[in-house]
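The values are calculated or read from the model by the stated rules, or taken from the named source; none is laboratory data. Keep in mind that what you see is a predicted model, and the values were worked out from it rather than measured. Please note that ligands, DNA and RNA were not included when accessible areas were found on the heavy atoms of the full protein model with its side chains. Shrake-Rupley method; radii C 1.70, N 1.55, O 1.52, S 1.80 Å.
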Amino acid sequence: MNRRKILLLVVLMVCIAAGIALIPRNLLSLTALQQSHAALAEGFSQHPLAGVALYFFLYVLVSALSIPGAALLTLLGGSLFPFWLALVVVSFASTAGATLAMLVSRYLLADGVTQRFPGQMNTVNAGMARDGAFYLFALRLMPLFPFFLVNLLAGVTRIGVARYWWVSQLGMLPATVVYVNAGRQLGQLNTLQDILSPAMLLAFALIGLLPLISRKLMARFIQQ
């Protein structure tokens, strides 16, 4: 890793540490968010445009740096903004942050991983060129896979930035709808686990895998 990449890595680590330290404590837990909701709502109502802009920037920053709190920020957006405004803002902010995180991973890690495992990465990239959008869509639809891990792994592949953007935005949209809607009943939530039931997680998994399974079955049918 050259000096420029090492410097960028150090800057990122400092930014992540600073972000965790500087993000208001009233955004770090569901209980604290519920307790401070009235004050936050009043502030946003007095400065709506600045509030939306600040919220968007904060969400992109949290997503790009993989700082814990994206789910709570989504609930906050759903509780403060009209449903459709919150959905649009969260959807684009989360996708922008994910894409930035993927690009950083690509810049820092892709060359080193490819040089160390050239054969394996050629196979992976061939598969990504053929079915990458379907795999990414499935991973995005299943909240069981950590947000930052998908960004990290995608960065070492050759998936195009534009494809990564639109597939991520589409794949994360169902969960975004659920969380934004849950934010409208923020005061009634006990834990974040109340939002996504096992049945809903299974449904997301099936929806995510359906296009990939259909493609595999169609390819096998055509070969026969």
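At-a-glance table
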| item | result |
| --- | --- |
| In order through the stretch 72-81: 3J(HN,Hα) via Karplus (6.51 cos²θ - 1.76 cosθ + 1.60), integer Hz, x for Gly, Pro | 5, 5, 5, 4, 4, x, x, 7, 9, 9 |
| Centroid-to-centroid separation of the stretch 171-192 and the stretch 47-76 [C-alpha atoms, Å] | 15 Å |
| Surface accessible to a 1.4 Å probe, residue 207 within the full protein complex, Å² | 90 Å² |
